[in-house]
Amino acid sequence: MRIHIIIPLLTICLALLLCGAEALAQCQACKSVVESNLQEGGSIGLGINRGILYLLAMPYLAVMGVWVLWYIKVKKRKKEELHG
C-alpha cells in the first residue's frame with residue numbers, strides 16, 4: 001500500500017477508537033429481573049444463557065460452513081486436474 005492510503009486509514013481508525021460511545025451489555029432492569037427470577041427458582045436465566053450461547057455459536061457455524069464448501073470445491077478441482 002502506498003503511504004497516501006495508509007495515513008487516512010490510520011487516522012480514521014484512531015478517530016473511531018477515541019470517539020467510541022460507551023455501550024452497556026445489559027440494562028440494569030434486565031439484570032435485576034433475571035437475578036430475582038433465579039433466586040425464586042425460575043428458569044429465565046437458563047433461557048437467557050442458552051440464547052447467548054446460540055447467538056455466540058451462529059457466526060462460527062456460518063464460517064465453518066463456508067470453509068467446508070470451499071474445501072470441497074478445491075478438493076474436487078484438484079481431483080479433476082489429476083485425473084482429467
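None of the figures in this text is laboratory data; all of them are computed from the coordinates on show. Because the structure is predicted, anything quoted here is derived from the model rather than measured. All Cβ positions, glycine included, derive from the backbone under ideal geometry; neighbour counts span all protein chains shown.
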**Message:** Using the crude model of +1 on Lys and Arg Cβ and -1 on Asp and Glu Cβ, and no other charge, please compute the dipole size for the chain relative to its Cα centre, in debye to 20.
**Reply:** 740 debye
**Prompt:** With each pseudo-label sitting 7 Å past Cα toward Cβ, what's the Lys75-Leu55 distance in nm, one decimal?
**Reply:** 3.5 nm
**Item:** Given charges at Cβ of Lys, Arg, Asp, Glu: the chain dipole, positive-most of Pro8, Ser32, Val63
**Value:** Val63
**Request:** For an R0 of 41 angstrom, estimate the FRET efficiency from the Cβ-Cβ distance between Ile12 and Ile44 and round to the nearest 0.05.
**Result:** 0.50
**Asked** What distance in nm separates the simple spin-label points at Arg2 and Trp67, each placed 7 Å from Cα in the Cβ direction?
**Response** 3.7 nm
**Request:** Sort largest first and round to whole Å: the equivalent ellipsoid semi-axes of the chain, each the square root of five times a Cα gyration tensor eigenvalue.
**Result:** 43, 31, 4
